[in-house]
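Below is one structure, written out as structure tokens; comments come after it.
Only the coordinates and a few stated rules stand behind these numbers; no lab work does. The model shown is predicted, which means the values in this text are computed figures rather than measured ones. We place every Cβ from the backbone using ideal geometry, glycine too, and count neighbours over all the protein chains shown.
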Amino acid sequence: MIARVSLEIALRKEFDYSIPEELAGQVDVGSRVQVPFGPRKILGVVTAIAEESGHANLKPILKVIGAQTLVTPKVLKLARWIGEYYCCAPETALKSVLPEAVRKEDAGWRERLFVRPVSVSGEFPKLPKRQQEIWNLVEERREILLSELVELAGTTAATVRKLQDRGLIDITSEISERDPYANETILATQPLVVNPAQAAALEKIKAAMEARNVEGRMKNAETNSCEKRAGAISSFCIQPSTFLLHGVTGSGKTEIYLQAIAHALEQGKSAIVLVPEISLTPQTVERFKARFSSGKLQTLVAVLHSHLSAGERHDEWHKIRQGRARIVIGARSAIFAPVEPLGLIVVDEEHEHTYKQEEAPRYHARDVAIMRGQMENAVVVLGSATPSLESFYNCKKGKYTLLDLPERVDDQKMPHVRVVDMRQAMFKEKGPPLFSPQLKEAITQRLERGEQTILFLNRRGYSTSLLCPKCGYVANCPNCSVALTYHRIEQKLSCHICGHNEKVPLVCPEPKCKNPAIRFAGTGTQKVEEVLAKLFPKARIKRMDADTMKRKDDYRHVLGDFRAGKIDILVGTQMIAKGLHFPNVTLVGIIYADSALHQPDFRAGERTFQLLTQVAGRAGRGDVEGEVFVQAFTPFHPAIQFARRHDFVGFYEQELEFREQLKYPPFSRVALLTLKGRNEEKVKFSADHLKRSLEKSLKSLKDLVIAGPAPAPLLRAENFYRYQIMLRTRAMSALSRELAQLIQSLTLPEAVSLAVDIDPVSLS
Ligand code: ADP
Ligand code: ZN
């Protein structure tokens, strides 16, 4: 027998190897293997087993990694789809379905030495004092780690081993699972009695799960009855399998997820829950663990995310592979978790852009979830307070089923949103003030009443640029085409793209100018904090952004203090926009609501609407009604006005019209080709060349629109120039196929590289 192996080097090709006798029973589709490749040894995955090969003199597989096949056939199929659809080498796609910690050759379980007493028959020997003490400890504990024992008894391993020599204790090496949540105590919870809106949603989800279950059984059954099968398949087509659960935060979405998961477990199936990295807090995980920690549906909940150590990730993954953990909760890549059989996939905050991977394979976990759901006959539930336009459109077209939770569970009202026209405020004072009089007044009131305020500005640093009013000089990054941000506390200018730092000049650096009156313009969170402190000297103010939250625990500490009422005003970037729930926050101020509107991206409006809605949702989570002040220079922009009225459908309908006129997604699909290199001329030349090749080879795609090449909105980043070509079509699978072929035959200058991004979420 021979094995076809996809190697971990992007060659877009698979290679045949012979299976040596001693490995015969161990090699299967999905096995990870080590093979010789030229003078090297390389890791790869077996993608097929065959009787014979077209090649002679095959080299043998050297070694099989892990006791079980690591890539299940279903995940393998999914990886192949990713390679094709996202137009990347199959090896690249295959590599991303296994976590690094599992792929590594030497990855493994942690073995530790355990000490246990041996029951002694006959008379217990007289021991030296030291050994007797150790024995007492072992006997008392019944089981103890050798390392712990050594420390506890203040002794050495050698001394402990003397007891082993006397036959009084056993020292054995055993696998000790790493549990990232070992220190948390979890109280079991019971399903809540759902309200009517929740019940209606849940019923539809469960019905779909039932239908899929029947369908799955029919498919598996060896039945000759065509009629029966046709009947099942038609009911399967009628039954929706993807749901969009639209409900504001606090409307009870998570409770629906939990009960739907319970239903999957009852059917003997497993579930995957995707959550954006930032929402994957211990509290979130605990809600899932607590529900399934006891009772007849008890199962392990495995957690996959980037804050785990490599060892923890290894162990969590294998708990899933071995079928012990039937619920997986994780960030983007958890969509590849090897659960089987899969009954349900939940994608919470489905509109989040972090579900898109920004390097190859540039997959979107939500879309992969839908594909996986289809392949494995599972139901998919997408949840959000502010769904993506794409998902909303799919509901309108009948591809997904919309489920609405129109109200918060506890009958809290939506906050009152006031839009402040900053153009007016500007006339009265000299420049645009940071705080409108209305917002200032509102903050004063909250401080008097002992209530809390959140202020949001999506810009860190002090000032967003340094400029000379005399000669027009702007301090730009030497590596990127952006202005440097002034950080006052650290006294430096810094680039938020590449991290470049420099000293703050005292006079204009232009040799002919040297003007000492250089100015800082634009506002960041540091300045908001400083101005606040001057306006409200008694207030306890804390800032939360990437500059103050350097360590893992910082975030938790500040939120803890805020919850405990030790902070009056929390100033922050989008870090504070997500899912935080503080009953005493009655005021939210959005300092500059238009900042995201003016970006050169057709999603700017959608993003602003989502951000405003999310941030505003932080206010009024307790008994007192919340109030939100949105400061804006374009107060009548639809994104701002619809957000003010909490009118989700209104915004989406008009945004859809705009997208349809311009043939932007969801009315087409986009492929963004970015050429990158240090020499701008070469990059530009290659882009022109690529455009001509595209025009020639893509003639058959009738609705294709090719735009560009044009400099990317961020022309230069980290010293690389970037040019883009944007392709739009409704037939993305066909385009991906054509593109893959074209890329194979395309020759680019050595110093220029091409990145293909299918369904990009950001055009920068
Ligand atoms: P979301 O996920 O939409 O933010 P959650 O499911 O977290 O909403 O619900 C918000 C709060 O309401 C939680 O504290 C939850 O325990 C509670 N809750 C949800 N559903 C119910 C219900 N049917 N009855 C009582 N409390 C509920
Ligand atoms: Zn830079």
field: If the convex hull is drawn through the Cα atoms of the range 373-459, its volume per residue in Å³
entry: 204 Å³
- prompt: Between Gln26 and Val474, how many nm apart are label points set 7 Å from Cα along the C-beta direction?
  reply: 6.1 nm
task: Rounded to the nearest 0.05, what FRET efficiency do Lys13 and Glu718 give with R0 = 30 Å and r taken as the Cβ-Cβ distance? Could you check?
output: 0.45
task: Tell me the label-point distance for the pair Leu656, Arg418, using the 7 Å Cα-to-Cβ offset, in nm and rounded to one decimal.
output: 3.5 nm
query: Hey, which of these cross-link pairs are over 22 Å Cα-Cα: Lys77/Lys269; Lys269/Lys399; Lys440/Lys542?
result: Lys269/Lys399
Burial order of peptide ranges 523-531, 410-418, 586-594 (average beta-carbon count within 10 Å, highest first): 586-594, 523-531, 410-418
Percent RCO, i.e. relative contact order, over the range 27-158, from Cα pairs under 8 Å lying at least 6 residues apart: 18 percent
message: Give me the percent relative contact order of the chain, please, defined on Cα pairs under 8 angstrom at least 6 residues apart.
response: 11 percent
query: For the chain, what is the mean residue ellipticity at 222 nm derived from helices alone (per DSSP H run of n ≥ 4: -39500 (n - 2.57); sum divided by total residues; nearest 500 deg cm²/dmol)?
result: -10500 deg cm²/dmol
message: Need the full-extension length gain, His598 to Val624, defined as separation in residues times 0.36 nm minus the C-alpha distance. One decimal, nm.
response: 5.9 nm
query: By how many nm would the segment from Val705 to Arg730 lengthen if fully extended, with 0.36 nm per residue of separation less the alpha-carbon distance?
result: 8.0 nm
- prompt: Hey, can you rank 553-561, 734-742 by average C-beta count inside 10 Å, highest first?
  reply: 734-742, 553-561
task: Once you have a ≥ b ≥ c as the square roots of the Cα gyration tensor eigenvalues for the range 503-653, tell me rounded if a/c is under 1.5, and otherwise prolate or oblate according to whether a/b is larger than b/c.
output: oblate
- prompt: Which whole-number percent gives the relative contact order of the range 297-409, counting Cα pairs below 8 Å spaced six or more residues apart?
  reply: 21 percent
field: Anisotropy class of the range 599-682 from Cα gyration tensor, a/c 1.5 cut
entry: prolate
message: As a test of the definition: which semi-axes, in Å, follow for the range 429-515 when you take the square root of five times each eigenvalue of its alpha carbon gyration tensor? Largest first, please.
response: 34, 17, 10
- request: Pop a pseudo-label 7 angstrom from the Cα along the beta-carbon direction at both Thr354 and Lys550 and give the gap in nm to one decimal.
  value: 2.1 nm
statement: Note: Asn136 to Ser176 extended length (0.36 nm per residue) minus current alpha-carbon separation gives 12.0 nm
- request: State which entries of Lys13/Lys95; Lys289/Lys552; Lys95/Lys663 exceed 24 angstrom in Cα-Cα distance in the structure shown.
  value: Lys95/Lys663
task: Please label the shape of the range 240-376 as rounded, prolate or oblate, based on the square roots a ≥ b ≥ c of the eigenvalues of the alpha-carbon gyration tensor (a/c under 1.5 means rounded; beyond that, a/b larger than b/c means prolate, else oblate).
output: rounded
statement: Taking r as the C-beta separation of Val504 and Val531 and R0 as 22 Å, the FRET efficiency to the nearest 0.05 is 0.70
